[in-house]
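The values are calculated or read from the model by the stated rules, or taken from the named source; none is laboratory data. On a predicted model such as this, the values are computed, not experimentally measured, just so you know. Positions of Cβ are generated from backbone atoms using ideal geometry, with glycine treated the same way; all protein chains shown enter the neighbour counts. Areas reflect the complete protein model, heavy atoms only, side chains present, ligands, DNA and RNA absent. Shrake-Rupley method; radii C 1.70, N 1.55, O 1.52, S 1.80 Å.
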Amino acid sequence: MGAHDISTFGLVLAACSLLASVTVYAITKVGLTRDLFISMGRMGVQLSLVGVYLTGLFRLNHPAVTVGYIFLMMAAANYSVLKNTGLKRTMFFFTFPATIVSVGAVSVYFMTLVFQPNPLYDARYLIPIMGMLLGNSMNRTIVTMERFYSSVRKDESGYSALVAMGATVNEATAANLKVAYRAGLGPALANLATMGIVSLPGMMTGQILGGSDPLVAIKYQVAIILAIYVATDLSALLCITFSKKKGFTRYGFLNHEIFKK
Amino acid sequence: MIELISISVELGGKTILKDFSLGVGKGRKVAVFGESGAGKSTLLKTLIGMYVPVKGEIRFNDKPFVPEYMPEIRRQVFYLPQDVVPQGEETVEDFLMYPFGLHVNKSMSYSRDKTVQLFSSLRLPSDLLNQPLYKLSGGERKRVGLLQGLLLERSILLADEPTAGVDAANRDEIIQLLFNESDTTVIAVTHDESMIERSDVKVEMKHVNPPGEVA
């Protein structure tokens, strides 16, 4: 059983609902109507394209093509992390392998032991699950990396004194890692605590609309939340760990070359 | 023996030290002074590896100053920065104990008795030990920073303005403590006339970056 299809006219009517937003903007004079239409237009085009190539990927269901697409998703996620952290793009060569290891290991674990689709590389499972893992990991990694490097930079004098007295980079940044991790973890835990009360998870909603038994949908949702949680924890830690190679000089000091001007 | 052999250091494309040479024998007390921006702090930061010379060579006890030898070199060095910045709520004693938890100092242990003794030498009340570091004045923090180095008993002390922000009455104690140990090599960047006078090697830095004296 699938979800009841939405007709083209139905989608047009959905778009008409934006008139309410346009009216709000007119009343509040925020002047964002043009931006609203540009963003909504982009969303529509992007999702239509996703629909086209996902249909193709699912139909093809070839392991090499699916894995190739996943690598593309990982590269895009890393690009986005670096774009938003104030760090130079050269850090990509350290955060990209970190994402492959962390998100890759978690997805292999869950695909083989928990979800167990047949075949294991089934694109219909692998791609949406990787999308959720990467999307969430990316947000946490942005916050954690940003906070880590900015806190070292903020107290560079104190950090340098520790390195000068013989502390290794790991020893000297232990406090920074703690601060950064807490900054990223706080919102994730708060979101987890209100799940089902304040927010209804998208995947579960989608599955129920698609005709799944709500209990099955909930089991999937719980498993995916666990996968997201572990993947984001590992991704944030590994991205920082791998990036230290470039983030600090061979003498252990902060490498200012990593920051955008 | 610390040797700087014709080093040049550039920061942001600007030459700060040019063909600078200096030799400091064991136990010598060096005061580095001169106009602002002449490269005094840059010199100290180069000696801890924060800046890498584009030219020339640095040697510590005949060992080249390269990343491979840094753990060994750093076991002998303590660097006191211009500002001792507190980390969160850490107490003065947490701050003093911190270096003893580092791998490099695993053979050493923290002594509270010695700390109390040094506190009295620097005219600091010992009840400050339980105070958060951020509550101390700039001058007090400076003295506590120096104490951290003295507790580690390093053979080379690099101090950036160790008496700045400290009242006249306490400056003498700092200079006394820094220059007291005959075997300890001290390189201090300073504007303090008394400190310059009591040092046995005086290095004046100028914007034109002249070669330094050789001790």
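Below is a table of values for the structure above.
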read-out	value
Filter result for B:Gln117 (open to solvent by 70 Å² or more (accessible area, probe 1.4 Å) and not in a loop (DSSP other than H, G, I, E, B))	yes
Residues being farther than 14 Å from A:Ile258 by Cα and either touching a residue at least 40 places away in the same chain (Cβ under 8 Å) or more than 14 Å from chain B (Cβ to nearest Cβ) (or both) - total across the stretch A:148-160	3
Top-ranked residue of the stretch B:9-25 - restricted to ones that are free of Cβ contacts under 8 Å to residues at least 60 places away in the same chain and aliphatic (A, V, I, L, M), ranked as farthest from B:Ile58 (Cα to Cα)	B:Leu11
Only listed residue being β-branched (Val, Ile, Thr) and in contact (Cβ under 8 Å) with a residue 40 or more places away in the chain, chosen from B:Val66, B:Val32, B:Val85	B:Val32
Residue satisfying condition, being under 20 Å from A:Met138 (Cα atoms), open to solvent by 50 Å² or more (accessible area, probe 1.4 Å) and among the polar types (S, T, N, Q), within set A:Thr241, A:Thr168	A:Thr241
Any chance A:Asn61 is at positive phi and in contact (Cβ under 8 Å) with a residue 60 or more places away in the chain	yes
Test for B:Ser182: is it assigned to a loop (DSSP other than H, G, I, E, B), over 26 Å from B:Thr91 (Cβ atoms) and of a type in the set (Gly, Ala, Ser)	yes
Qualifying residue in the stretch A:31-45 (condition: open to solvent by 40 Å² or more (accessible area, probe 1.4 Å) and under 15 Å from A:Pro128 (Cα atoms))	no
Test: A:Ala161 is open to solvent by less than 60 Å² (accessible area, probe 1.4 Å) and either of a type in the set (Ser, Thr, Tyr) or closer than 29 Å to A:Gly247 by Cβ (or both)	yes
Any hit, the stretch A:135-154, residues being more than 30 Å from B:Val85 (Cα to Cα), in contact with a helix residue (DSSP H, G or I) (Cβ under 6 Å, 6 or more places away or on another chain) and open to solvent by less than 10 Å² (accessible area, probe 1.4 Å)	yes
Cross-chain or 6+ apart pairs with Cβ under 6 Å, the stretch A:114-128 first and in the same structural domain as A:Phe71 (by TED's automatic domain parsing) and open to solvent by 20 Å² or more (accessible area, probe 1.4 Å), then modelled with pLDDT of 90 or more and part of a loop (DSSP other than H, G, I, E, B)	A:Tyr125/A:Pro117
Any chance A:Lys219 is assigned to a helix (DSSP H, G or I), within 25 Å of A:Met111 (Cα to Cα), more than 21 Å from the chain's Cα centre (by Cα) and not hydrophobic (A, V, I, L, M, F, W, C)	yes
Answer residue from the stretch B:121-141, given it is exposed (fewer than 12 other Cβ atoms within 10 Å of the Cβ) and over 21 Å from B:Ala159 (Cα atoms) and is nearest to the other protein chains (Cβ to nearest Cβ) among those	B:Asn130
Residues of the stretch B:83-108 satisfying the condition of being facing chain A (nearest Cβ under 7 Å) and open to solvent by 70 Å² or more (accessible area, probe 1.4 Å)	B:Asp83, B:Gln87, B:His103
Strands (runs of 3 or more DSSP E) (entirely within the stretch B:1-94) containing at least 2 residues that are touching a helix residue (DSSP H, G or I) at 6+ places or on another chain (Cβ under 9 Å) and within 29 Å of B:Tyr110 (Cβ to Cβ)	B:77-80
Test: residue in the stretch A:93-113 that is open to solvent by less than 60 Å² (accessible area, probe 1.4 Å), touching a residue at least 40 places away in the same chain (Cβ under 8 Å) and within 28 Å of A:Ala15 (Cβ to Cβ)	no
Number of the exception - A:Thr66 against (1) over 20 Å from A:Ala123 (Cβ atoms); (2) part of a helix (DSSP H, G or I)	(1)
Some residue of the stretch B:65-73 being surrounded by fewer than 20 Cβ atoms within 10 Å (Cβ to Cβ) and either away from chain A (no Cβ under 14 Å) or within 19 Å of the chain's Cα centre (by Cα) (or both)	yes
For B:Lys45: the one exception among (1) crowded, with 20+ Cβ neighbours inside 10 Å; (2) under 27 Å from B:Leu118 (Cα atoms); (3) in contact (Cβ under 8 Å) with a residue 12 or more places away in the chain	(3)
Among the residues listed as A:Val67, A:Val81, the single one being open to solvent by 20 Å² or more (accessible area, probe 1.4 Å) and among the β-branched types (Val, Ile, Thr)	A:Val67
Complete set of residues in the stretch A:186-196 that are in a helix (DSSP H, G or I) and without any contact (Cβ under 8 Å) to a residue 12 or more places away in the chain	A:Gly186, A:Leu189, A:Ala190, A:Asn191, A:Ala193
Hits in the stretch B:157-215 - residues which are at positive phi and at pLDDT 90 or above	B:Glu161
